[in-house]
1. Scan region 151-160 and give yes if some residue there is among the aliphatic types (A, V, I, L, M) and within 16 Å of the ligand (Cβ to nearest atom), otherwise no.
2. Which numbered condition in (1) β-branched (Val, Ile, Thr); (2) surrounded by fewer than 17 Cβ atoms within 10 Å (Cβ to Cβ); (3) within 19 Å of the chain's Cα centre (by Cα) is the only one that residue 350 fails?
3. Has region 304-312 got at least one residue that is closer than 20 Å to residue 100 by Cβ and among the aromatic types (Phe, Trp, Tyr)?
4. Taking into account only those residues within region 133-142 that are in contact (Cβ under 8 Å) with a residue 24 or more places away in the chain and touching a helix residue (DSSP H, G or I) at 6+ places or on another chain (Cβ under 9 Å), which is surrounded by the fewest Cβ atoms within 10 Å (Cβ to Cβ)?
5. Counting only residues that are away from the ligand (no atom under 14 Å from the Cβ) and either among the small types (Gly, Ala, Ser) or within 14 Å of residue 44 (Cα to Cα) (or both), which one in region 232-262 is farthest from the chain's Cα centre (by Cα)?
6. Which numbered condition in (1) within 14 Å of the ligand (Cβ to nearest atom); (2) in a strand (DSSP E or B) is the only one that residue 109 fails?
7. Is it the case, given these coordinates, that residue 224 is more than 16 Å from the ligand (Cβ to nearest atom), part of a helix (DSSP H, G or I) and at pLDDT below 95?
8. I'm checking my understanding of the structure. Among residues of region 286-330 that are of a type in the set (A, V, I, L, M) and not in a helix (DSSP H, G or I), which one is nearest to the chain's Cα centre (by Cα)?
Amino acid sequence: MKLRFAERMRDVPKSFIREILKAAADPKIISFAGGLPNPDLFPVEGVQEACAKVLRDDGQNVLQYTTTEGYPPLREFIAERYRAKKGLAIRPDEILITNGSQQGLDLLGKILLNEGDGAVIEKPGYLGAIQALSIYKPVFHSIPLHDDGVDASLAKRIFQKNPIQLFYSVPNFQNPSGVTYSKAVREELAAALKEYGVLFVEDDPYGELRFMGEDLPSMRNYLDGDSILLGSFSKIVAPAFRMGWICAGKEIMEKLVIAKQAADLHSNSFSQRVLYQYLSDCNIDDHIAAIRCVYKNQRDAMAESIDQYLPSEIQRTNPEGGMFLWLTLPDGASSMMLFQAAVERNVAFVPGYPFYVDGGGENTLRLNYSNADESTIKEGIQRLAQAWVRMGL
Ligand code: PMP
């Protein structure tokens, strides 16, 4: 039979990282390629206890269908945390529990984007967002990331020239670059978004993983209801739960709930109950503090090894949190060629060009530091340095 696929699937990029991960699956390889949290920090015992407790105490209900919006106490927990950590007045009914924040991206694309609508995304941008939004065929306008975030005056010029339906951004410890928007950039960008009435989607899965510097206001602090927040338990508890959320105002929420119903009725209710039980019984702040401490050491080991073993013509970002660091090779060097040489030396990373929606970035690459211990990180960067020398540039 000759299959015919829907037009919307044409040209949607396959996840390049998944492909790279296949190459990096060999146990000999030190992989800085994935985006995996450190599994040593997964709260296995706490989850085991929470699991037994919900089944023992409320098994019949726990295994039943539930509402699309999600388990009310979990939504209250999230709203309360926004109040306590960010000073944001968010009501529980503004929270929709999703199947990871990745589903949030798909639902937002579904309810907001018609083919040809303008969508702004950082350059480099989060690959999962590029993929999820691509299905809805927007016209991407990419905005370069600098060490302190995007250039707000350039954002303004983009808004002046093009109708923009949404601006997607990861302002804290961005994936892939590790960059954080400064306070000044946040303020300027918020003013531009307000002036042109552009809807801002603030994706913040790493925000709580700050191990250096000071917390900055959320863009929501400046934008109120004219923004949407995406959040996730993947990096602060465990990704296997697939528990994330969208925080949005009433009008958007109504559409999201319809789209979510059509997609999957509701997120895994068992996961929601176990996660909520775990959050109620453990001290999540202590747990997050432990993650920050380990990630800081891993990040320091990587940054120091880069400074020690790689030539100074290779630039790196200086992440203050999160899981990623970004390298820029000198102009004309190819990170794809370096990747080949690196894999021969049993070290892997993600070449940067797939993170660029409109070309470029051939001399960039992403390194993940959360999934290897400090001595392995050092060894991996040494191998990378050898691969670089071997390229003879
Ligand atoms: N947004 C960003 C910026 C991410 O890095 C990730 C995870 N790689 C996600 C969203 C999706 O995370 P999850 O679906 O596990 O919540």
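The values are calculated or read from the model by the stated rules, or taken from the named source; none is laboratory data. Note that this is a predicted model, so its numbers are computed, not measured. In this analysis, Cβ positions are derived from the backbone assuming ideal geometry, glycine residues included, and neighbour counts consider all displayed protein chains.
1. no
2. Among (1) β-branched (Val, Ile, Thr); (2) surrounded by fewer than 17 Cβ atoms within 10 Å (Cβ to Cβ); (3) within 19 Å of the chain's Cα centre (by Cα), the lone unmet condition for residue 350 is (2).
3. No, region 304-312 contains no residue that is closer than 20 Å to residue 100 by Cβ and among the aromatic types (Phe, Trp, Tyr).
4. Restricting to residues being in contact (Cβ under 8 Å) with a residue 24 or more places away in the chain and touching a helix residue (DSSP H, G or I) at 6+ places or on another chain (Cβ under 9 Å), the top hit is 135.
5. By that ranking, first place goes to 262.
6. Against the list (1) within 14 Å of the ligand (Cβ to nearest atom); (2) in a strand (DSSP E or B), residue 109 comes up short only on (2).
7. Yes; evaluated as a whole, the condition is true for this residue.
8. In this case the residue turns out to be 323.
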